[in-house]
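**Student:** I have a structure here, written as structure tokens, and I will follow up with some questions on it.
The values are calculated or read from the model by the stated rules, or taken from the named source; none is laboratory data. Keep in mind that this is a model prediction, so the values were computed, not measured. Using ideal geometry, Cβ is built from the backbone for each residue, glycine included, and neighbour counts are taken over all protein chains shown.
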Amino acid sequence: MAYPWWKECVFYQIYPRSFQDSNGDGIGDLRGIISRLDYLQWLGIGAVWLCPVYDSPNVDIGYDIRNYEAIMAEFGTMEDFDELLKGLHSRGIRLIMDLVVNHSSDEHAWFVESRSSKDNPYRDYYIWRDGKDGYEPNNWASFFTPSAWSYDETTDQWYLHLFSEKQPDLNWENPRLRHEVYDMMNWWFDKGVDGFRMDVISLLAKAPGLPDGQGDGYVFSPEYFAFQPKLHDYLREMREQCFAWRNCMCVGETSFVTTENANSVVGDGRELDLLFQFDVMDMDGEGSKWNPIPFDLMRFKKIINDWQHAIDWNTLFWGNHDQPRVVSRFGSTASEELRIRSAKMLATAMYLLRGTPFIYQGEEIGMTNYPFADESELRDVESINLLAEARKTGREVWAWNGIMAKGRDNARTPMQWNSSEKAGFTTGTPWIDINPNCRRINVHDEAADLDSILNFYRDLIELRNNSDVLKYGDFELMLPDHPQLFAYKRCYKNKTILVCCNFSTESAAIPQEVAGRNIIELGVENTLLPFGVLVSE
Ligand code: ISL
Ligand code: CA
């Protein structure tokens with residue numbers, strides 16, 4: 001049986017603005033990525049997910065696209081892009097692009113036209129409604145602003161935006177809009193890209209009539225904008241029009257997906273190949289990500305076990321550009337020893353599961369959250385808006401604590417290439433501060449140290465790439481009630497690999513169930529030390 005390429009390899013996510021600057025303007029760019037291709041090859045990854053590189057006014061750092069077929073000037077030119085793609089392919093590395101089509105920038109030509117008059121041919125490319133008695137058409141809250149609607153004087157109507165007011169939602173009910181998007185996707189496919197990561201793709205369809213959410217004030221109402229029945233029509237049409245016949249991979253950022261509805265997008269219907277679910281990412285927030293609750297190992301085990309059994313093939317990840325750094329979040333930075341061991345433990349626990357791993361840049365060297373000193377150091381619209389809103393109700397301290405722990409800027413500080421002041425990222429002034437811990441956490445030093453997190457990631461990727469058990473084996477949760485250990489078994493054709501990870505800061509006795517010939521042994525001294533790992537076969 002032949003498996004598709006995207007089940008055979010490990011993905012690496014690049015956030016271009018913070019990966020490598022090549023011209024000293026403090027902003028990462030395409031030529032910077034080109035200069036690091038040998039590093040990616042050395043790491044052993046087989047595909048890259050590139051966050052948006054399209055022309056954008058950068059209100060949401062590239063997730064507000066002004067022109068889908070042009071490269072952002074700060075990142076370089078289309079020639080640079082072509083060279084990047086060629087450079088990846090010549091190293092056997094595939095490239096998937098970010099597809100952001102739930103919304104565009106308000107500076108996109110479509111929206112400029114759309115807002116100009118009610119009878120403009122582009123009017124129906126977006127979602128316009130009359131107000132209700134001078135107020136918003138409904139009570140929906142947005143991800144980034146209190147209301148999901150903004151009023152536009154020119155035509156005396158309101159437009160919907162589930163994100164910032166500069167990210168108007170596209171109207172997927174309009175077939176002309178849909179076919180423009182398909183043409184654009186095919187244009188990129190014809191250039192040779194290998195697929196797309198589809199931004200908030202589960203939100204494309206909105207409930208007919210845009211009903212009010214239940215509650216007072218502005219109400220966040222995913223029941224009316226996520227996983228609506230029409231979503232499946234759009235995804236099937238997209239597949240037929242753009243990629244059913246291609247050797248590509250499309251992964252959806254399916255916000256609000258559940259184990260119950262997941263197979264409606266990735267099951268036999270095959271609308272998408274893979275999906276990102278956020279149950280693990282959401283587990284340390286109560287109701288909202290800004291209300292922190294401690295990591296609960298039992299809950300983690302249940303989430304992983306449920307997902308491993310719910311769908312045939314999972315995405316495996318600990319973070320991305322929207323999440324804090326995993327070692328700060330679920331590991332420990334109490335000492336260097338614990339940071340290093342917990343980073344390795346977390347990688348083992350996640351990436352030996354059944355599915356396709358996605359490593360976020362900097363994770364492979366154990367980068368940590370950034371100690372932001374004050375608001376002036378923030379760059380993310382989500383955090384900046386949250387703080388401004390919280391200030392109105394005297395909840396500034398709550399918001400600031402939330403941002404320190406969960407703010408998206410934590411993952412967006414520049415990649416740490418070496419121990420110099422600017423971390424080898426730039427020669428100029430970086431667009432966002434560089435973590436001073438680049439002195440000890442950086443690619444250059446870790447590449448030379450065989451016990452480093454970086455070399456551990458490299459070995460883990462190699463182990464996975466060469467093991468049919470790890471790639472194709474079944475998953476079985478072990479020791480479900482153990483309060484400290486997360487353990488599982490992977491089985492394939494009479495072969496078994498056992499993975500046992502100590503998620504706690506206390507030592508744990510090694511259960512006999514996980515004994516075997518050791519493949520990975522970390523923090524094992526008769527017992528499993530805090531964050532210790534044992535993998536055996
Ligand atoms: O980070 C989040 C807010 O707490 C997530 O809810 C995030 O907004 C959501 O997963 C959607 O993310 C994607 O679309 C956004 C963009 O800001 C994110 O960077 C992107 O990954 C709008 O395009
Ligand atoms: Ca630059």
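**Student:** Mind listing just one residue for me: the one in region 249-261 that is aliphatic (A, V, I, L, M) and within 16 Å of ligand 1 (Cβ to nearest atom) and, of those, nearest to Phe278 (Cα to Cα)? First the steps, then the outcome.
**Tutor:** Of the residues in region 249-261, the ones aliphatic (A, V, I, L, M) are 249, 251, 257.
Narrowing the set further to residues that are within 16 Å of ligand 1 (Cβ to nearest atom) leaves 251, 257.
Details: Val251: 14, Val257: 8 Å.
Among those residues, the one meeting the criterion is Val257.
**Student:** Among what's in region 29-39 and is under 19 Å from Phe358 (Cβ atoms) and touching a Phe, Trp or Tyr at 6+ places or on another chain (Cβ under 8 Å), pick the residue that is surrounded by the fewest Cβ atoms within 10 Å (Cβ to Cβ). If you could, list the steps in order and put the result at the bottom.
**Tutor:** Here is the first cut: in region 29-39, the residues under 19 Å from Phe358 (Cβ atoms) are 33, 36-37, 39.
Then keep just the ones that are touching a Phe, Trp or Tyr at 6+ places or on another chain (Cβ under 8 Å); that gives 33, 36.
On the way: Ile33: 27, Arg36: 18.
Among those residues, the one meeting the criterion is Arg36.
**Student:** Additional query: Here is a check on your reading of the model: is Glu69 within 16 Å of ligand 2 (Cβ to nearest atom) and surrounded by fewer than 21 Cβ atoms within 10 Å (Cβ to Cβ)?
**Tutor:** It is false that Glu69 is within 16 Å of ligand 2 (Cβ to nearest atom) and surrounded by fewer than 21 Cβ atoms within 10 Å (Cβ to Cβ).
**Student:** Can we say Ser383 is within 16 Å of ligand 1 (Cβ to nearest atom), hydroxyl-bearing (Ser, Thr, Tyr) and either outside any helix (DSSP H, G or I) or out of contact with any strand residue (DSSP E or B) (no Cβ under 6 Å at 6 or more places or on another chain) (or both)?
**Tutor:** Here the answer is yes, as Ser383 does meet what is asked.
**Student:** Testing Leu84 on (1) within 16 Å of ligand 2 (Cβ to nearest atom); (2) surrounded by fewer than 19 Cβ atoms within 10 Å (Cβ to Cβ), one condition comes back false. Which one is that?
**Tutor:** In the conditions (1) within 16 Å of ligand 2 (Cβ to nearest atom); (2) surrounded by fewer than 19 Cβ atoms within 10 Å (Cβ to Cβ), Leu84 misses (2) alone.
**Student:** Are any of the residues in region 194-205 of a type in the set (Lys, Arg), touching a strand residue (DSSP E or B) at 6+ places or on another chain (Cβ under 6 Å), modelled with pLDDT of 95 or more and buried (at least 19 other Cβ atoms within 10 Å of the Cβ)? Before you say what the answer is, go through the steps one by one.
**Tutor:** Filtering region 194-205 down to residues of a type in the set (Lys, Arg) leaves 197.
Narrowing further to those that are touching a strand residue (DSSP E or B) at 6+ places or on another chain (Cβ under 6 Å): 197.
Checking which are modelled with pLDDT of 95 or more leaves us with 197.
Those still in the list that are buried (at least 19 other Cβ atoms within 10 Å of the Cβ) too: 197.
Yes, region 194-205 has at least one match.
**Student:** Could you give me the residue pairs with C-beta distances under 8 Å whose first residue belongs to region 519-537 and is free of Cβ contacts under 8 Å to residues at least 60 places away in the same chain and under 12 Å from Glu506 (Cβ atoms), whose second residue is in a strand (DSSP E or B) and aliphatic (A, V, I, L, M) wherever it lies, and which are 6+ apart or on separate chains?
**Tutor:** Pairs that qualify, where the first residue is free of Cβ contacts under 8 Å to residues at least 60 places away in the same chain and under 12 Å from Glu506 (Cβ atoms) and the partner is in a strand (DSSP E or B) and aliphatic (A, V, I, L, M), are Thr527/Ala508; Thr527/Ala509; Leu528/Leu485; Leu528/Ala508; Leu528/Ala509; Leu528/Leu534.
**Student:** List every residue pair whose Cβ atoms sit under 8 Å apart, with the two residues 6 or more apart in sequence or on different chains, where the first one lies in region 20-35 and is modelled with pLDDT of 95 or more and the second, anywhere, is within 8 Å of ligand 2 (Cβ to nearest atom) and of a type in the set (A, V, I, L, M, F, W, C).
**Tutor:** Correct list of pairs: Asp21/Ile27; Ile27/Phe75; Gly28/Phe75; Asp29/Phe75; Leu30/Phe75.
**Student:** Here is a follow-up. Which residues, taken from region 102-123, are more than 16 Å from ligand 1 (Cβ to nearest atom) and either loosely packed, with under 15 Cβ neighbours inside 10 Å or not in a helix (DSSP H, G or I) (or both)?
**Tutor:** Ala109, Val112, Arg115, Ser116, Ser117, Lys118, Asp119, Asn120, Pro121, Tyr122
Yes or no, residue by residue, for (1) among the small types (Gly, Ala, Ser); (2) in contact with a Gly (Cβ under 6 Å, 6 or more places away or on another chain); (3) part of a loop (DSSP other than H, G, I, E, B):
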position	(1), (2), (3)
Glu389	no, no, no
Trp400	no, no, no
Pro414	no, no, yes
Trp431	no, yes, yes
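**Student:** Of the residues Trp42, Trp5, Trp49, which single one is under 15 Å from Phe317 (Cβ atoms) and more than 16 Å from ligand 2 (Cβ to nearest atom)?
**Tutor:** Trp49
**Student:** To continue, here is another question. Among the numbered criteria (1) under 29 Å from Asp152 (Cα atoms); (2) more than 15 Å from ligand 1 (Cβ to nearest atom), which single criterion is violated by Lys191?
**Tutor:** Condition (1) is where Lys191 drops out.
**Student:** Is it true that Phe227 is in contact with a helix residue (DSSP H, G or I) (Cβ under 8 Å, 6 or more places away or on another chain), farther than 25 Å from Leu477 by Cα, of a type in the set (A, V, I, L, M, F, W, C) and part of a loop (DSSP other than H, G, I, E, B)?
**Tutor:** Values: in contact with a helix residue (DSSP H, G or I) (Cβ under 8 Å, 6 or more places away or on another chain): yes; farther than 25 Å from Leu477 by Cα: yes; of a type in the set (A, V, I, L, M, F, W, C): yes; part of a loop (DSSP other than H, G, I, E, B): yes.
Spelling it out, Phe227 is indeed in contact with a helix residue (DSSP H, G or I) (Cβ under 8 Å, 6 or more places away or on another chain), farther than 25 Å from Leu477 by Cα, of a type in the set (A, V, I, L, M, F, W, C) and part of a loop (DSSP other than H, G, I, E, B).
**Student:** Looking at (1) within 16 Å of ligand 2 (Cβ to nearest atom); (2) of a type in the set (A, V, I, L, M, F, W, C); (3) assigned to a loop (DSSP other than H, G, I, E, B), can you tell me which one Ile33 breaks?
**Tutor:** Going through the list (1) within 16 Å of ligand 2 (Cβ to nearest atom); (2) of a type in the set (A, V, I, L, M, F, W, C); (3) assigned to a loop (DSSP other than H, G, I, E, B), Ile33 breaks only (3).
**Student:** If only one of Trp6, Trp42 is crowded, with 22+ Cβ neighbours inside 10 Å and either at pLDDT 95 or above or in contact with a Pro (Cβ under 8 Å, 6 or more places away or on another chain) (or both), which one is it? I'd like the intermediate steps shown before the answer.
**Tutor:** On the way: Trp42 fails: crowded, with 22+ Cβ neighbours inside 10 Å.
The conditions single out Trp6.
**Student:** Does any residue of region 369-380 turn out to be in a helix (DSSP H, G or I), within 16 Å of ligand 1 (Cβ to nearest atom) and either more than 18 Å from the chain's Cα centre (by Cα) or buried (at least 20 other Cβ atoms within 10 Å of the Cβ) (or both)?
**Tutor:** Looking for residues that are in a helix (DSSP H, G or I), within 16 Å of ligand 1 (Cβ to nearest atom) and either more than 18 Å from the chain's Cα centre (by Cα) or buried (at least 20 other Cβ atoms within 10 Å of the Cβ) (or both), one finds none in region 369-380, hence no.
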